[in-house]
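K.L.:
This is the structure I want to talk about, given as structure tokens.
The values are calculated or read from the model by the stated rules, or taken from the named source; none is laboratory data. Since we're looking at a predicted model, the values are computed, not measured. Neighbour counts run over all protein chains shown; Cβ positions are idealised from the backbone, glycine included.
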Amino acid sequence: MAGRIPETFIDDVLARTDLVELVDSYVHLKRSGKNYMACCPFHQEKTPSFTVSPDKQFYYCFGCGASGNAIGFLMEYTRLGFVEAIETLARNLGLEVPREESAGAPRDDYQPLYSMLEAATAYYERQLRATTTKDRPVRYLQQRGLTGQTAKRFRLGYAPPGWDNLLQELGQSDADSKRLIKTGLLIENEQGRRYDRFRDRIMFPIRDSRGRVIAFGGRVLGDDKPKYLNSPETPVFHKGRELYGLYEARQASNRIRRFVIVEGYMDVIALAQFDIPYAVATLGTATSRDHIEKLFRHSEELVFCFDGDDAGRRAAWRALENALPCARDGRQIKFLLLPEGEDPDSLVQQNGKAYFEGLLDEASTLSEFFYQQLSTDVDTRTLDGRARLASLATPYLEQMPGGVLQQLMLKRLKEITELDDLQLRPADKSPPAPQPVPAADLQSGSPPSYLYEAEMAATPEPGAGETSQRGPTAGAAPRHAPRGRPARSGGERPDGLSLVDATIRMVLNAPRLAATLEFPEELRALQLPRMELLLELIDFIQRKPDASTAAILGHWQTQDQGDVIFQLAAREFLLPHEEQSPELSDALRRLRLQKVEQDLDQIIADGVKDKARFQELLHLQRELSKT
């Protein structure tokens, strides 16, 4: 479809995409502090220097200078064009890419919804600790065997009885009430009355892969119906793509050997308390193909664990149907049906970790479970029964990706049915896995002409005297050396950055904080290297106060000084943890001091003709020099 993709849509795609999850699906990442690292996929190296920030949603390689956000990574790694990269990310999110006709349409701002959901989580947590409300829910959790530490880890809370507790707490204004309705926490009936959706329930916050609360599950304390109540679909919550416990599992381990998919919140939490932190649960839906592919990005083994009753068997079979198209060679899929009346929560509480993990180890493989279930109502001792099994099994096997596993399952079917001439129609071939850009292409590849026409030039590393050795890459953005005006240096800091560069770094890594600060207008006349870039950055965040670091980087990816922006943002990786909070206000104060000193120099050079102005500047210099 022709037409330009609206910038607001690109911002939405970046806000919803988890860069760590995206990169890890191509390159194995390992946690290093609060960031993730790997050997760079864009140049040959033995020691990892490729770093991904989950907070800022950008990557940077200290070896070759590769940098970008989710769009940039797809462009460089898969050699997609800019538009194709956005379309790929949007498809992963289930979004349709708008074009020119909707470019001017206003977009929903999801940040207030995330903030409201976080505030609700904190409110429910307080109710679980409050003396007036905690007795019943705490007693219930203790009876279920949960400790306070486990409750804190999963941020469990309590929605007290009453129709408007949350409404009174967070929905005092009409705008806030509407946000609560949009998040699914409030219900508005036909008469316009608004009331809390969750009442007298244990609250389970549901977090996305970036740790943001996106929805809730609520469980009654007794036997009322419905026992579990989930948030409805909202702009930030799509239950067919989310998994309860996935965020917590990834926080518990850098490398997850396997996932066990269970049916309930309490199963996930009880297993985690017994040091089995790799359990996840779907949210009131069958296990979908999206769920399965999402889990396979982090592990090569999945074990579906369901109750052994009829409902559990049906759920397991639906999971198998969706798992078959994902069953590529190297992936292991197992099924564990528990004794009727038991669930993971009860089994691990009664028998402990070793017993439960033993059950997982002995779970049925995909092929074993597949033929066991299909053969339940088929008598393979008869010719008709074997023919029926072949007719039942063949369409399922054809859904599998072509490979060794598919051939082995077909061989097993031939052995059971005693039919040697069974054939499968060719399966749809999955697109080949993206390959890293060859080193030669990194040095000689030409950028697509539709992105830009200017020549690409090396850019000095901010605060250093060396030039980058990284050549242009296919699909990369243009890079030019920054233009600075001759002036005083602006002062070097202990980290080797000038004051202006340090301020740019602070703004990049805390853009929403920067948007709340008043930028002194007199600084627009300050003459320091890269001051123009800082002014452009300030103007950008004032226009878009909710812009994330990833969105800012995306904007500058095709700008002349993109390299400078990315390199300064990457400086955050080098700072000790205690220095991560930028003191922007202090940086702005020191920039004002620089401007005053420049003005004083000019007045002195002119012979101090305006003595009143000279005295005013001296007084301002003394005030700004105070720390």
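K.L.:
Which residue is nearest to residue 251 (Cα to Cα), if the candidates are limited to the stretch 135-181 and must be among the charged types (D, E, K, R) and in contact with a strand residue (DSSP E or B) (Cβ under 7 Å, 6 or more places away or on another chain)?
P.N.:
Keep residues of the stretch 135-181 that are among the charged types (D, E, K, R), which gives 135-136, 139, 144, 152-153, 155, 164, 169, 174, 176, 178-179.
Checking which are in contact with a strand residue (DSSP E or B) (Cβ under 7 Å, 6 or more places away or on another chain) leaves us with 155, 164.
Numbers: 155: 14, 164: 35 Å.
That would be 155.
K.L.:
Can you name the residue in the stretch 320-364 that is farther than 15 Å from residue 302 by Cβ and aromatic (Phe, Trp, Tyr) and is also surrounded by the most Cβ atoms within 10 Å (Cβ to Cβ) among such residues?
P.N.:
Among residues in the stretch 320-364 that are farther than 15 Å from residue 302 by Cβ and aromatic (Phe, Trp, Tyr), the one surrounded by the most Cβ atoms within 10 Å (Cβ to Cβ) is 356.
K.L.:
Given the conditions (1) over 43 Å from the mean Cα position of the chain (by Cα); (2) hydroxyl-bearing (Ser, Thr, Tyr); (3) surrounded by 14 or more Cβ atoms within 10 Å (Cβ to Cβ), report the number of the one that residue 396 does not fulfil.
P.N.:
For residue 396, the failing item is (1).
K.L.:
Give, as residue ranges, the strands (runs of 3 or more DSSP E) completely inside the stretch 29-75 that count at least 2 residues that are under 18 Å from residue 297 (Cβ atoms).
P.N.:
30-32, 35-38, 50-53
K.L.:
Moving on to the next point. Out of the stretch 1-38, which residues are among the aromatic types (Phe, Trp, Tyr) and over 17 Å from residue 52 (Cβ atoms)?
P.N.:
Matches in the stretch 1-38: 9 only.
K.L.:
Please work out if residue 531 is at pLDDT 80 or above and more than 25 Å from residue 63 (Cα to Cα).
P.N.:
Here the answer is yes, as residue 531 does meet what is asked.
K.L.:
Kindly indicate whether residue 45 is touching a residue at least 12 places away in the same chain (Cβ under 8 Å) and either buried (at least 20 other Cβ atoms within 10 Å of the Cβ) or under 17 Å from the mean Cα position of the chain (by Cα) (or both).
P.N.:
no
K.L.:
Do we find that residue 276 is in the same structural domain as residue 357 (by TED's automatic domain parsing), touching a helix residue (DSSP H, G or I) at 6+ places or on another chain (Cβ under 7 Å) and either at pLDDT below 90 or more than 21 Å from residue 150 (Cβ to Cβ) (or both) in this structure?
P.N.:
Values: in the same structural domain as residue 357 (by TED's automatic domain parsing): yes; touching a helix residue (DSSP H, G or I) at 6+ places or on another chain (Cβ under 7 Å): yes; either at pLDDT below 90 or more than 21 Å from residue 150 (Cβ to Cβ) (or both): no.
Spelling it out, it is not the case that residue 276 is in the same structural domain as residue 357 (by TED's automatic domain parsing), touching a helix residue (DSSP H, G or I) at 6+ places or on another chain (Cβ under 7 Å) and either at pLDDT below 90 or more than 21 Å from residue 150 (Cβ to Cβ) (or both).
K.L.:
Would the stretch 150-160 turn up any residue that is polar (S, T, N, Q), part of a loop (DSSP other than H, G, I, E, B) and surrounded by 16 or more Cβ atoms within 10 Å (Cβ to Cβ)?
P.N.:
no
K.L.:
Same structure again: Being β-branched (Val, Ile, Thr) and surrounded by fewer than 17 Cβ atoms within 10 Å (Cβ to Cβ) is the requirement here; does residue 382 meet it?
P.N.:
Yes: the conditions hold for residue 382.
K.L.:
Here's another thing I want to ask about it. Scan (1) surrounded by 17 or more Cβ atoms within 10 Å (Cβ to Cβ); (2) under 20 Å from the mean Cα position of the chain (by Cα); (3) in a loop (DSSP other than H, G, I, E, B) for the single condition residue 184 breaks and write down its number.
P.N.:
(2)
K.L.:
Looking at the stretch 537-554 only, could you name the residues that are closer than 20 Å to residue 71 by Cα and in a loop (DSSP other than H, G, I, E, B)?
P.N.:
544, 546, 547, 548, listed by residue number.
K.L.:
Residues to consider are 180, 243, 221; find the one that is under 26 Å from residue 365 (Cβ atoms) and touching a residue at least 24 places away in the same chain (Cβ under 8 Å). Even if it seems obvious, please write down each step before you answer.
P.N.:
Working: 180 fails: under 26 Å from residue 365 (Cβ atoms); 221 fails: under 26 Å from residue 365 (Cβ atoms).
So the residue among 180, 243, 221 that is under 26 Å from residue 365 (Cβ atoms) and touching a residue at least 24 places away in the same chain (Cβ under 8 Å) is 243.
K.L.:
Can you name the residue in the stretch 131-149 that is in a helix (DSSP H, G or I) and free of Cβ contacts under 8 Å to residues at least 24 places away in the same chain and is also farthest from residue 274 (Cα to Cα) among such residues?
P.N.:
My answer is 135.
K.L.:
How about the stretch 76-90: which of its residues are part of a loop (DSSP other than H, G, I, E, B) and either in contact with a strand residue (DSSP E or B) (Cβ under 7 Å, 6 or more places away or on another chain) or surrounded by fewer than 18 Cβ atoms within 10 Å (Cβ to Cβ) (or both)?
P.N.:
81
K.L.:
Restricting to helices (runs of 4 or more DSSP H) lying wholly in the stretch 383-464: which have 3 or more residues that are modelled with pLDDT of 80 or more and more than 30 Å from residue 293 (Cβ to Cβ)?
P.N.:
Counting at least 3 such residues, we get 383-398.
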